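The values are calculated or read from the model by the stated rules, or taken from the named source; none is laboratory data. All figures in this text were calculated on a predicted structure; none of them were measured in a lab. Cβ placement follows ideal geometry from the backbone for every residue including glycine, while neighbour counts extend to all protein chains displayed. Only protein heavy atoms, including side chains, enter the accessible area calculation; ligands, DNA and RNA are left aside. Shrake-Rupley method; radii C 1.70, N 1.55, O 1.52, S 1.80 Å.
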Amino acid sequence: MKIIAIEEHWNSVAIRDALDRLPEGARDESVAFNSMGDNQARLEDIGQGRIEMMDAAGIDLSILSVVTPATQALRVPEAIALAREANDEAAEAVRAYPDRLRAFATLPTGDPQAAAAELQRCATELGHVGAMVHGRAGSRTLDDPAYDDLFATAARLHQPVFIHPQIPSDELRDAAYRGLDPLTDLALASFGWGWHVDAGLSALRLILRGTFDRHPGLQLVLGHWGEMLLFWMDRVDSLSGVARHLERKVSDYIRTNIHITSSGMLQERLLRHTLDFTSADRVLFSTDYPFHRPDAAAIERFFDAVRDPSDRSAIASGNAEALFRLG
């Protein structure tokens, strides 16, 4: 069975160095996770070492994405230059391994127009298959009208947009995530809770802003089994009665414009719950490499839990091939 993994991270040395140079207070503290153990070496290898890890896990094709926070924490001129450089570097890796790798565009969302232009370049000149963004650039959220051209470009070019988790703002962290010990504060604001609330809320705000009414062909991807959104879908659907400007119910947009991926959380109960709220053709596979590294046996057990052979094939590769036009 062919397996495509769609959330497989990498990092450019130039982006890492730029983030490390940021002054205290401007730095995303979650970058500490990128250098734990051998993560940094693995993130910066998109060559033969990456292919060998894929072979060991039984993964046929990986879609590369620059690790959080990508260029979004950087000043705009630097972000534009480094995003372009990273996208060119990823394209070179894809050219070296055309049967094994594809890439998401890295976008300098601090400048919405530059982000739209870079997405256009990546799609039409480099062959990237989508984009990975985060829910906020500075204090501007992804549903701000300034980003409407970006989403129009994504819809027109059939470029799915993956909304990846990002640490909450300092203001929100002060209000809700601090006051324990520093390490627990950081964990609570990132992988323990804050990352996922942030990403799910970003997608929900895009729905409520009417983004999919203006751009019905736009497709989003959410990791970690929907970043809590599916688990609260019955409740968020009550917003449909308040947001009367929307053409459809909130849950309709979730089922038709959002795809869900596993992000290395290969528990059968999470898969079952996801399939209770959305269809098998909206589910994708990913490992969140290198932060999760399931071996071939764990991946096989995960797919064995998908009883229907056609659903199993779709989740393993067919859905990704259709969504990202992998051919």
Practice problem: Check whether at least one residue in the stretch 58-68 is out of contact with any helix residue (DSSP H, G or I) (no Cβ under 9 Å at 6 or more places or on another chain) and more than 14 Å from residue 15 (Cβ to Cβ), and report yes or no. | Solution: no
Quiz item: Does residue 55 fit the bill of being surrounded by fewer than 18 Cβ atoms within 10 Å (Cβ to Cβ), at pLDDT 95 or above and within 20 Å of residue 291 (Cβ to Cβ)?
Solution: yes
Quiz item: For the stretch 251-319, which fully contained helices (runs of 4 or more DSSP H) count at least 2 residues that are hydroxyl-bearing (Ser, Thr, Tyr)?
Solution: 309-313
Exercise. Inspect all residues belonging to the stretch 299-317 and state whether any of them is surrounded by 14 or more Cβ atoms within 10 Å (Cβ to Cβ), without any contact (Cβ under 8 Å) to a residue 60 or more places away in the chain and under 27 Å from residue 151 (Cα atoms).
Key: yes
Exercise. Would you check which residues across the stretch 167-203 are touching a helix residue (DSSP H, G or I) at 6+ places or on another chain (Cβ under 6 Å), open to solvent by less than 20 Å² (accessible area, probe 1.4 Å) and of a type in the set (A, V, I, L, M, F, W, C) and list them?
Key: 167, 186, 189, 199
Practice problem: Tell me which residues, restricted to the stretch 46-61, are touching a residue at least 12 places away in the same chain (Cβ under 8 Å) and not aliphatic (A, V, I, L, M). | Solution: 47, 50, 58, 60
Exercise. Considering only the stretch 73-96, state which residues are touching a helix residue (DSSP H, G or I) at 6+ places or on another chain (Cβ under 7 Å) and either open to solvent by less than 20 Å² (accessible area, probe 1.4 Å) or in contact (Cβ under 8 Å) with a residue 60 or more places away in the chain (or both).
Key: 74, 78, 82, 83, 85, 86, 87, 91
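What number of residues within the stretch 123-150 are outside any helix (DSSP H, G or I), within 21 Å of residue 75 (Cα to Cα) and touching a helix residue (DSSP H, G or I) at 6+ places or on another chain (Cβ under 9 Å)?
So the count comes out to 12.
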